[in-house]
Amino acid sequence: MLSASDIVKKYISFFEARGHKQIANAPLVPINDPTTLFTSSGMQPLVPYLLGEKHQQGTRLVNIQNSFRAQDIEEVGDNRHTTFFRMMGNWSLGDYFKKEQLPWIFEFLTDKEVGLGLDPKRLYVTVFAGNNQIPKDTESIEIWKEVFSKAGIDAKEGERIFSYDVEKNWWSRSGVPEKMPTGEPGGPDSEVFYDFEDESIHTKSPWKNDSCHVNCDCGRYIEIANSVFMQYQKQPDGSFKELPKRNVDFGGGLERFLLVTEHQQDVFQTSLFSPIIKKIEEITSSPYGKSTNAMRIIADHLVAAVFIINAGVEPSKTEQGYILRRLIRRSYDNIMKLHGENILPTYRIFEAIVEQYKNTDPELVKNYEKIKNTILEEANTYKITVSRAKKFIDTKYKKTGDELMGVKEISAEDAFTLYTTQGLSPAQIESLGYSFDKQAFAQKMEEHQKISKAGADKKFRGGLADHSERTIMGHTATHLLHQALRDVLGKQVHQTGSNITTERVRFDFNYDKRLTDVQIKQVEDIVNQKIKANLPVHFELIDTKEAHKMGAIGLFMDTYGDKSKIYFIGPSTSSGLKKEDAYSIEFCGGPHVDFTGVLKSVKIIRQENLGKNQKRIYAIVQGN
Ligand code: SER
């Protein structure tokens with residue numbers, strides 16, 4: 001039986017044998033990418049290259065990418081969805097296209113020697129049906145017919161090959177064509193589904209009254225592979241233009257590959273997840289068969305929490321920290337559901353998780369103490385929150401006199417206040433023993449979501465690593481701030497995160513004290529002086545070891561094999577100094593302005609304490 005790491009090795013070797021170069025697993029929390037909170041697919045760090053920039057490792061790439069999809073949080077609980085997963089990916093950057101990609105994927109899925117050895121009879125495929133802008137993908141249909149016929153299967157349309165519209169067979173980071181912002185790449189895709197050949201999955205599901213089909217949500221068929229033909233780019237007038245080069249962007253979830261090779265119908269029963277589930281059964285003293293849904297949520301959410309903490313995130317009220325908080329609280333809600341409020345050695349679940357993933361992600365072992373403490377501290381904070389919520393309700397609903405009336409019915413307004421201020425979910429509020437008008441609550445929730453969605457859409461549009469001038473200026477300002485902070489506070493200070501929008505730059509770094517007004521002014525003065533000096537900014541691909549020797553700083557090692565992309569700010573061309581004497585030398589993917597004088601000024605507007613030894617500053621960047 002193939003293990004998860006066997007599958008990784010096989011996939012990488014398969015594509016290396018076909019001329020691909022392996023690229024690094026990018027950080028789970030993207031650096032300097034304001035468009036998204038987490039890396040959610042292998043293609044995300046490759047967007048500039050899919051749009052036409054030359055990649056230093058060539059035109060055929062392969063990797064395994066740790067990914068997290070917050071939008072799938074609510075789906076977790078069924079037999080196949082997980083929020084954290086590892087995506088196997090291969091790409092053609094204007095190199096091969098459909099007639100190579102589809103047969104290769106079929107070979108990898110079905111061949112016993114070089115691939116997974118799946119039974120081809122269990123595979124079904126889908127293609128794009130076309131719309132008023134993009135034609136039906138008849139080319140893929142013809143290729144699939146030939147591929148299946150070589151495996152002795154007469155693949156007919158409507159029997160083994162199915163066409164679906166944009167909802168199912170169009171892929172872009174933002175979904176269907178109408179939702180794509182200007183400049184975003186996307187295209188039709190072709191998916192492969194595996195048939196569990198078990199009708200009872202459908203007849204026992206909520207979809208039992210509808211007829212089953214490959215894309216049915218019942219779970220009888222599971223999507224295991226997605227080849228996106230990324231050949232279009234959205235235009236400002238809503239139309240689509242062909243990209244200069246036609247790309248292939250393939251993604252397949254490792255967890256699902258494992259599921260089908262092990263002939264399991266439940267991802268949580270695979271060799272990857274079952275030891276984690278066993279540990280949950282053991283410490284909550286309840287069997288998986290009886291509490292399947294809750295245990296799937298606990299396992300998934302804690303795996304995701306472990307990886308998100310490992311990426312340097314702490315629970316908080318906003319952005320990545322908020323998602324992490326939700327994951328931890330939701331898993332503890334479910335643990336409490338299984339075992340009341342008893343104190344349990346829940347850290348043993350994290351131990352089991354690290355054990356399962358340590359071969360592919362060895363740094364989990366190094367960071368284990370931090371991971372454990374972060375989750376346990378948040379679980380504890382949550383307990384305190386719950387008791388505060390109880391107090392809030394008791395005080396608010398106290399009748400005359402001092403006697404508490406053991407309130408049961410509370411207003412939807414108050415329930416919603418508990419949701420927004422204490423982060424308590426409706427289920428949690430209910431489990432505290434209060435009942436409230438659910439419909440009124442749902443209405444409030446909908447209004448709230450509309451507002452935050454509008455904010456999120458705006459953020460996406462504003463940011464779309466649109467490489468807009470303001471964002472590019474923000475990148476350069478970040479490098480200047482990084483170096484200036486080290487000049488003022490000392491060389492032990494380094495970047496721990498950053499986020500750039502068109503409105504401002506946010507920069508996180510390690511430092512234990514609050515910066516004084518004088519220090520802030522010193523940092524600003526240095527940055528503004530470098531801006532005034534109009535220093536040239538350029539990058540070079542340098543041997544990674546050499547770059548370290550030169551003192552290059554930075555988080556994101558944009559490495560290509562032995563080489564790294566290094567940005568230099570300065571020295572001024574007329575100074576006669578060497579690049580080693582540059583003011584700032586950083587590992588970075590870019591892009592940046594050509595001269596610092598493109599910026600006009602940088603002003604630090606706020607600082608925050610992010611917890612132990614972590615500070616955050618916000619700065620406004622003005623352009624000339
Ligand atoms: N980008 C596509 C996906 O995420 C294929 O890699 O499914």
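The values are calculated or read from the model by the stated rules, or taken from the named source; none is laboratory data. Since we're looking at a predicted model, the values are computed, not measured. Positions of Cβ are backbone-derived with ideal geometry, glycine not excepted, and every protein chain shown enters the neighbour counts. The accessibility values were calculated without ligands, DNA or RNA, using every heavy atom of the protein model including side chains. Shrake-Rupley method; radii C 1.70, N 1.55, O 1.52, S 1.80 Å.
Taking a ≥ b ≥ c as the square roots of the Cα gyration tensor eigenvalues, segment 1-141 comes out rounded, since a/c falls below 1.5.
Tell me, what is the percent relative contact order of the chain, built from C-alpha pairs under 8 Å that lie six or more residues apart? Walk me through the numbers on the way to the answer.
On the way: 1090 pairs, mean separation 69.8, N = 624.
RCO, the chain: 11 percent.
For segment 574-624, the extents of the C-alpha atoms along the principal axes are 43, 27, 21 Å, listed from largest to smallest.
Any idea what % of Cα-Cα pairs in segment 277-351 are farther than 14 Å? Beyond 14 Å sits 58 percent of the P(r) for segment 277-351.
Per residue Cα convex hull volume for the chain, in cubic angstrom? Walk me through the intermediate numbers first.
Details: hull volume 112.4 nm³, N = 624.
In the chain, the Cα hull volume divided by residue count equals 180 Å³.
Per DSSP helix of 4 or more residues, -39500 (n - 2.57); summed, then divided by the residues of the chain. What does that give at 222 nm, rounded to the nearest 500?
On the way: 19 runs with 241 residues, N = 624.
Rounded to the nearest 500, it is -12000 deg cm²/dmol.
In sequence order, segment 538-547 has phi-based couplings of 8, 10, 9, 8, 10, 3, 4, 5, 4, 4 Hz under the Karplus curve 6.51 cos²θ - 1.76 cosθ + 1.60, θ = phi - 60°, and Gly or Pro positions carry x. Over all pairs of different C-alpha atoms, segment 162-300 has a mean inverse distance whose reciprocal, the Kirkwood radius, equals 17.6 Å.
If you place +1 on the Cβ of every Lys and Arg, -1 on the Cβ of every Asp and Glu, and leave all else neutral, what size is the dipole of the chain about its Cα centre, to the nearest 20 Debye? Present the calculation step by step, with values, prior to reporting the outcome.
On the way: 82 positive and 84 negative charges, 360 e Å.
Roughly 1720 debye for the chain.
For segment 42-186, the relative contact order comes to 17 percent (Cα pairs under 8 Å, sequence separation of at least 6).
Residues whose amide H lies under 5 Å from that of Q614, counting only those 5 or more places away or on a different chain, are Y511; hydrogens are built 1.01 Å from N in the peptide plane.
The residues of the chain expose, per residue, 45 Å² of accessible area to a 1.4 Å probe. The share of accessible area on the chain that comes from carbon and sulfur is 49 percent, using a 1.4 angstrom probe. A straight line joining the Cα centroids of segment 276-346 and segment 483-551 runs 37 Å.
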